[in-house]
Amino acid sequence: DFVIEAWAHITGVYDARERLNAIGEGVKAQNGHIVLSAVKGFTKLQEPASPCFVVMQKSKTQPHIGIYYNGRVLHMKETGVEFQPLAVIRRYVTKIGFYAYAK
């Protein structure tokens, strides 16, 4: 829900709830790779574009979703909301993917 609300606030796109809910259901770790298997309406990006979705994964853990915005990643951690530079995120995740919301 955090990512859905943050995306709506950042982009003004409020009708994306169903598609965004599918991200959480479709993201799976498969052989150590991030896969958006059940998700339609997103385009994989080679490089981040502001704003876009970021799917992050530490080794042997479930993928985690955030929003890339102006060089930083907005995401929810157990300790609360963080808005970290992408360089910091890259230090502690082993896999990262960027996805654009296709209108």
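Here are a few things to note about the model shown:
- Pairwise FRET efficiency - N70 versus R91, Cβ, R0 = 22 Å, nearest 0.05: 0.70
- Amide H contacts of L45 (H built 1.01 Å from N, in plane; Pro and chain starts excluded): F98, Y99, A100 sit under 5 Å, all sequence-distant by 5 or more or on other chains.
- Distance between the modelled labels on D1 and A49, one decimal in nanometres: 3.1 nm (7 Å Cα→Cβ projection).
All of the numbers you see were taken from the coordinates with simple rules; none came from a lab. Remember, predicted model here, so these are calculated numbers, not experimental data. Every residue, glycine among them, receives a Cβ derived from its backbone with ideal geometry; neighbour counts consider all protein chains shown.
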